[in-house]
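Peer 1: To start, I am sharing the structure in question, which I have written as structure tokens.
Readers should treat all values here as calculations from the given coordinates under stated rules, not as data from a laboratory. Just so it is clear, the structure is predicted and the values come from calculations on it, not from any experiment. Every residue, glycine among them, receives a Cβ derived from its backbone with ideal geometry; neighbour counts consider all protein chains shown.
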Amino acid sequence: MDQLLQFLISGLTVGSIYALVALGFSIIYNASDVVNFAQGEFVMIGAMSAIFLLKGGLPYPLAALCGISITVLVGLALDKLAIEPAKNATVVTTIIITIGASIFLRGVALLIWGKEIYGLPPFTGDKPITIGTATILPQNIWVMVGTAAAVLAVKYFFDKTIMGKAIMACSFNKKAAFLVGINVKQMLLISYGLSAALGASAGILIAPITFMSYGSGVMLGLKGFCAAILGGMGSSMGAVVGGLLLGLIETVGAGFISSGYKDAIAFFVIMLVLFIRPSGILGKAESDRV
Amino acid sequence: MKRLAGYYCFAIATLMLPLLFPDSYYVTVVGVTVCTNIVLAVSLNLLMGYAGQISLGHAAFFGLGAYSSAVLTIKYGMNPWLAMTAGVIAVTVLSYVLSRPILRLKGHYLAMATLGLGIIVHIFFVQADQFTGGPDGISGLPVLSILGYPIDSDLKWYWTFAIFMLASVLFSLNIAHSRSGRALAAVHGSEIAAQMLGVDTARVKSYVFVFSAVLACITGSLFAHQQDFVSPESFSFFFSIELVTMVVLGGLGSTFGAVIGAILLSLLPEVLLVFEDFEVMIFGAILMVIMIFLPQGLFVAMEQTFFRLLRRKNQRAADVTS
């Protein structure tokens, strides 16, 4: 039981990160039907830029903010330079383009930051808080609270603001959105920026716990993709649920079965889910148009 | 004869290379890598190009072939050919069992499931270290011999791989013009339309999945014997991506596209070696640029341009005579 509480804490922490990455996937997928395989690189770029800006002498909050801004610029560039020029691309083509982008960004990161592993200091101290027999680090709380805040902000943005509604309109039907005067291209650009900001925040939140290097984005990105599919591709709240669930399954699986197979457990579960319910937990079943 | 004219030229070129440059590093060492990648790309193209089913986990079957040869010969002292057959049987069963649920999925879901399969198999290679030797891999495979002739030099390996590769390419070229090839094309075009025409789409897809997996598995066994060493690194997610890139780079659905893609991508590291740290970045950039501007692939784009020019020339000649 005590062990379970500890698993719950670490599962929800890592799950929060997956949730943020998955939410980023979902937003881009909704807006442009593209699965952005460079999503994990947003996480890495956000964290690595913040780490190096902090090293360069910037105060912590400013370094974090600049890290997010740099990643947003990368996200905007990705849309403008790689996605927009490839009009009418098929699913396979867009998958390869974003995989190419992720390899490219990783290559650039390797050139700038080298192969070493870096970490951020915790936001507020590293004195563990004891709950019963389980312990929780202040950073774990930051991750969960930060994720909750980001998710609520995204929900507010899509439900209440004109711009968010305009993006939703694009995701339902681009032509109709265009006809009622929505600038579709601009909305796509904004969703890439938003998705990059979410990724970068995830990176900065988790960097004090897991450390980062130029290649850290790959697994985080794939897990985020898993989470997005688990929750049902395109459903924002599904992505969050999927992320938290994936984090929990993985932590419990690693604890009871074997930590070496941790990543395999996540992918095994996602395959089972796909076999049994191909449209994800909260996703709507798709029907083919002939 | 005319249909296969390109193939004969390619076959002659492949077989002439070691005669012209018997000691060249590019023939004996790089040549074997190129042939390996060609077979893998051609086998993946059967699934992706002909049948239109994306797979981001093709390296898994390549790896299963390599590991079954390595583990069964080294740990259990099995005869190399017997080990290879055991690998083929295992992969046939595994891929057949998985093919139905996996190929029921489409688009991104299919990408996710195949990617998951590739990653699970890779983690298994790393973690099951009592069999696979873990991250360090295992070495010391027995020498493979064909009818009593041992394949024990770089040049002999080149011949083995070249012949295996040419056979696979010929097979792939011919299948497109067979009944099954047309069924695959129908599935690619529209699954529902294919069903209406009486094609058992689930069976067709499942067969091509198994076939493509088995071809990759045999290549893996040969690769393990040739390298005399296997480690999980050769069968990672990144290698699956590289294989997809080869197929798409040359042109999805074209056998020679896959061949050209495989050749280019196998030679690229040799060229990029000069750029050292820039290698990863340049690789990603090339991938993006080609997919954005030539989504139909290099080879197919070249072919189309060539035929367009040819047509225009014929047109002009016809205009002059009339």
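Peer 1: Please give every one of the aspartates and glutamates within straight-line cross-link reach of residue B:156, meaning a C-alpha to C-alpha distance under 19 Å, and leave out same-chain neighbours fewer than 8 residues apart.
Peer 2: Once the sequence-local aspartates and glutamates are set aside, what remains near residue B:156 is B:23, B:228.
Peer 1: Next question. Given a 10 angstrom Cα cut-off, can you work out which residue in B:182, B:203, B:312 is the most mobile in a GNM of chain B?
Peer 2: Evaluated over chain B, the most mobile residue of the options is B:312.
Peer 1: Nearest 20 debye, what's the magnitude of the dipole of chain A about its Cα centre given +1 on Lys and Arg Cβ and -1 on Asp and Glu Cβ?
Peer 2: On the way: 17 positive and 12 negative charges, 114 e Å.
That gives a dipole near 540 debye.
Peer 1: Would you mind calculating the relative contact order of chain B from Cα pairs under 8 angstrom and at least 6 residues apart, reporting the percent as a whole number?
Peer 2: Values: 446 pairs, mean separation 98.7, N = 322.
The normalised contact order for chain B reaches 31 percent.
Peer 1: Which residue fluctuates most in the GNM of chain B (Cα springs below 10 Å): B:198, B:297, B:31?
Peer 2: B:198
Peer 1: Using +1 on the beta carbon of Lys and Arg, -1 on that of Asp and Glu, and nothing else charged, what's the dipole of the range B:5-235 about the Cα centre, debye to 20?
Peer 2: Numbers: 9 positive and 9 negative charges, 185 e Å.
Roughly 880 debye for the range B:5-235.
Peer 1: Please work out whether the range B:5-235 counts as rounded, prolate or oblate from its C-alpha gyration tensor, where a ≥ b ≥ c are the square roots of the eigenvalues and a/c under 1.5 means rounded, while otherwise a/b larger than b/c means prolate and anything else oblate?
Peer 2: Since a/c reaches 1.5 but b/c is at least a/b, the shape of the range B:5-235 is classed as oblate.
Peer 1: Under the classification rounded if a/c is under 1.5, otherwise prolate if a/b is larger than b/c and oblate if not, where does the range B:210-289 fall, given a ≥ b ≥ c as square roots of the Cα gyration tensor eigenvalues? Could you put the intermediate results ahead of the total?
Peer 2: Values: a/c = 2.06, a/b = 1.24, b/c = 1.67.
Oblate, because a/c is 1.5 or more while a/b does not exceed b/c.
Peer 1: Relative contact order, percent, of the range A:95-228 when contacts are C-alpha pairs under 8 Å separated by at least 6 residues? Please report the intermediate quantities before stating the final value.
Peer 2: Working: 83 pairs, mean separation 45.9, N = 134.
Relative contact order, the range A:95-228: 34 percent.
Peer 1: Which value, in nm² and rounded to one decimal, describes the direction-averaged projected area of the C-alpha convex hull of the protein assembly as shown? Provide the component values of the computation, followed by the final result.
Peer 2: Values: hull surface 132.7 nm².
Orientation-averaged projected area of the Cα hull: 33.2 nm².
Peer 1: Tell me, A:130, B:132, B:114 in order of fewest to most beta-carbon neighbours within 10 Å?
Peer 2: Lowest to highest Cβ neighbour count: A:130, B:132, B:114.
Peer 1: Now for a separate question. Rounded to the nearest 10 degrees, what's the angle between the helix B:30-45 long axis and the longest principal axis of chain B, both from Cα atoms, 0 to 90?
Peer 2: Helix B:30-45 sits at roughly 70 degrees to that axis.
Peer 1: Next question, about the same structure. With a Förster radius of 60 Å, plug the Cβ-Cβ distance of residue B:147 and residue B:104 into 1/(1 + (r/R0)^6) and report the FRET value to the nearest 0.05.
Peer 2: Values: r = 43 Å, r/R0 = 0.72.
Working from the Cβ atoms, E equals 0.90.
Peer 1: Additional query: With springs only between Cα atoms under 10 Å, which of B:173, B:64, B:252 fluctuates most in a Gaussian network model of chain B?
Peer 2: Result: B:173 has the largest fluctuation of those listed.
Peer 1: Then there's this: For a quick check: sort B:271, B:126, B:208 by the number of other beta carbons within 10 angstrom, fewest at the front.
Peer 2: Values: B:271 11, B:126 21, B:208 25.
The fewest-first ordering by Cβ neighbours comes to B:271, B:126, B:208.
Peer 1: Which of the three applies to the range A:116-225, rounded, prolate or oblate, going by the alpha-carbon gyration tensor with a ≥ b ≥ c and a/c under 1.5 meaning rounded?
Peer 2: Details: a/c = 3.50, a/b = 2.09, b/c = 1.67.
It is prolate, given that a/c is not under 1.5 and a/b is the larger ratio.
Peer 1: While we're on this one: Arranged by the count of other C-beta atoms within 10 angstrom, fewest first, what order do A:103, B:292 take?
Peer 2: B:292, A:103
Peer 1: Can you give the extra length, in nm with one decimal, that the chain gains between residue A:124 and residue A:168 once fully stretched, where that is 0.36 nm per residue apart less the Cα-Cα distance? Intermediate values should be presented prior to the final figure.
Peer 2: Values: separation 44, 0.36 × 44 = 15.84 nm, distance 3.70 nm.
Length difference between fully extended and current span is 12.1 nm.
Peer 1: HN-Hα J couplings of the range A:152-162 from phi, Karplus 6.51/-1.76/1.60, θ = phi - 60°, integer Hz, Gly and Pro as x?
Peer 2: Values per residue, Gly and Pro as x: 5, 4, 5, 4, 4, 4, 7, 8, 10, 8, 4 Hz.
Peer 1: For the range B:197-237 and the range A:1-46, what is the separation of their C-alpha centers, rounded to whole Å?
Peer 2: 32
Peer 1: Just how many pairs of Lys in the range A:97-225 have C-alpha atoms closer than 15 Å, counting pairs that are eight or more places apart or on different chains?
Peer 2: Working: A:155/A:165; A:165/A:174; A:165/A:185; A:174/A:185; A:175/A:185.
The result is 5.
Peer 1: Specify the inter-centroid distance of the range B:55-107 and the range A:62-137, based on alpha-carbon positions, in whole Å.
Peer 2: 35
Peer 1: Between residue B:270 and residue B:76, what length comes free when the chain is fully extended (0.36 nm per residue of separation minus the Cα-Cα distance, one decimal in nm)? It would help to have the intermediate numbers written out before the result.
Peer 2: Details: separation 194, 0.36 × 194 = 69.84 nm, distance 3.67 nm.
Fully extending the segment from residue B:270 to residue B:76 adds 66.2 nm.
Peer 1: Points 7 angstrom from Cα along the Cβ direction at residue A:3 and residue B:319: gap in nanometres?
Peer 2: Once both label points are built, they end up 8.2 nm from each other.
Peer 1: Tilt of helix A:60-78 relative to the longest C-alpha principal axis of chain A, in degrees (0 to 90, nearest 10)?
Peer 2: 30
Peer 1: Find the relative contact order for the range B:123-236 and round it to a whole percent, using C-alpha pairs within less than 8 Å whose residues are 6+ positions apart. Before the final figure, lay out the partial values.
Peer 2: Working: 68 pairs, mean separation 45.3, N = 114.
RCO, the range B:123-236: 40 percent.
Peer 1: Angle check, please: helix B:59-74 long axis (alpha carbons) against the longest principal axis of chain B (alpha carbons), in degrees 0 to 90, nearest 10.
Peer 2: Compared with the principal axis, the helix lies near 30 degrees.
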